[in-house]
Amino acid sequence: NAGVTQTPKFQVLKTGQSMTLQCAQDMNHEYMSWYRQDPGMGLRLIHYSVGAGITDQGEVPNGYNVSRSTTEDFPLRLLSAAPSQTSVYFCASSYVDEQFFGPGTRLTVL
Amino acid sequence: EDQVTQSPEALRLQEGESSSLNCSYTVSGLRGLFWYRQDPGKGPEFLFTLYSAGEEKEKERLKATLTKKESFLHITAPKPEDSATYLCAVQAGSLSGGSYIPTFGRGTSLIVHP
């Protein structure tokens, strides 16, 4: 089992560019989520999904889109990157209440 | 609004020196309280879920306890490999359902010196 995988590990964008952060899990978990982690703040939920075809907003959804066409994949799209989106992004999947996190993507927006 | 406050922000211990980390919370009906460990440059790693006051869970040198207002993560005879940031999170609701949006604390950075 690879668990939760995320690509890329690092990314630098210019303001206004768009990109997709990839997330995949091989544990057949229904629940998947995206978080951002900023210095001095706790992890904050961006979007989540309780199954294929179902997504919902978390605490800080603005500027991000998600879709869930399969159980395995949950990509996060930045529509028009802004410096405020500079952060470390974590994808997670869970079985009941045990969340498994990916290794993270460190994103810098210039 | 759900809130989670972790203290201290940072803690330095000598190997073998037991201590406790605190997680104080306010939530509109607790569905679960979660503890995670996070190593530098990595994603959080699940440790425990606690559901009701009085509940305790143990794993190696770690023991988590829960009251109606706070949770403690007790570290007994820590080793340098226990050095990490420990995160606490709460989720509102009940065992049959509730919010999918957890509230995380800022974490406690633990360093254990040999």
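Brief remarks follow.
- Residue tally, condition among the charged types (D, E, K, R), farther than 18 Å from B:R106 by Cβ and free of Cβ contacts under 8 Å to residues at least 24 places away in the same chain, over segment B:29-62: 7
- Whichever residue in segment B:10-42 is closer than 16 Å to B:D82 by Cα and part of a loop (DSSP other than H, G, I, E, B) and, among such residues, is nearest to the other protein chains (Cβ to nearest Cβ): B:K42
- Residues that are part of a loop (DSSP other than H, G, I, E, B) and more than 24 Å from B:L87 (Cα to Cα), drawn from segment A:57-69: A:N62, A:G63, A:S67, A:R68, A:S69
- Filter result (on the phi < 0 side of the Ramachandran plot, more than 11 Å from chain B (Cβ to nearest Cβ) and in a loop (DSSP other than H, G, I, E, B)) within segment A:13-40: A:K14, A:T15, A:Q17, A:S18, A:D26, A:M27, A:H29, A:E30
- Selected residue (only one of B:K68, B:K79, B:K63 is over 26 Å from A:I54 (Cβ atoms) and either within 14 Å of another protein chain (Cβ to nearest Cβ) or more than 16 Å from the chain's Cα centre (by Cα) (or both)): B:K79
- Residues of segment A:41-56 satisfying the condition of being under 23 Å from B:R106 (Cβ atoms) and either among the aromatic types (F, W, Y) or part of a strand (DSSP E or B) (or both): A:R44, A:L45, A:I46, A:H47, A:Y48
- Subset of segment A:70-110 [more than 9 Å from every other protein chain (Cβ to nearest Cβ), in a loop (DSSP other than H, G, I, E, B) and more than 18 Å from A:M41 (Cα to Cα)]: A:T70, A:T71, A:E72, A:F74, A:P75, A:L79, A:S80, A:A81, A:A82, A:L110
- B:T65 free of Cβ contacts under 8 Å to residues at least 24 places away in the same chain, crowded, with 17+ Cβ neighbours inside 10 Å and part of a strand (DSSP E or B): yes
- Residue match in segment A:41-61 (condition: under 29 Å from B:E9 (Cα atoms), within 12 Å of chain B (Cβ to nearest Cβ) and surrounded by fewer than 14 Cβ atoms within 10 Å (Cβ to Cβ)): yes
- Qualifying residue in segment A:52-62 (condition: among the polar types (S, T, N, Q) and in contact with a Leu (Cβ under 7 Å, 6 or more places away or on another chain)): no
- Filtered residues of segment A:88-100 (kept if crowded, with 20+ Cβ neighbours inside 10 Å and either closer than 16 Å to A:T20 by Cβ or within 10 Å of the chain's Cα centre (by Cα) (or both)): A:Y89, A:F90, A:C91, A:A92
- Scanning segment A:41-87 for residues that are aliphatic (A, V, I, L, M) and on the phi > 0 side of the Ramachandran plot yields no hits at all.
- For first residues located in segment B:1-26 and touching a residue at least 12 places away in the same chain (Cβ under 8 Å), partners that are of a type in the set (S, T, Y) and not in a strand (DSSP E or B) and lie 6+ apart or on another chain with Cβ distances below 7 Å form the pairs B:D2/B:S28; B:S18/B:T76.
Every number here is computed from the coordinates shown, using simple stated rules; none is lab data. Please read all numbers here as calculations on a predicted model, not as lab measurements. Using ideal geometry, Cβ is built from the backbone for each residue, glycine included, and neighbour counts are taken over all protein chains shown.
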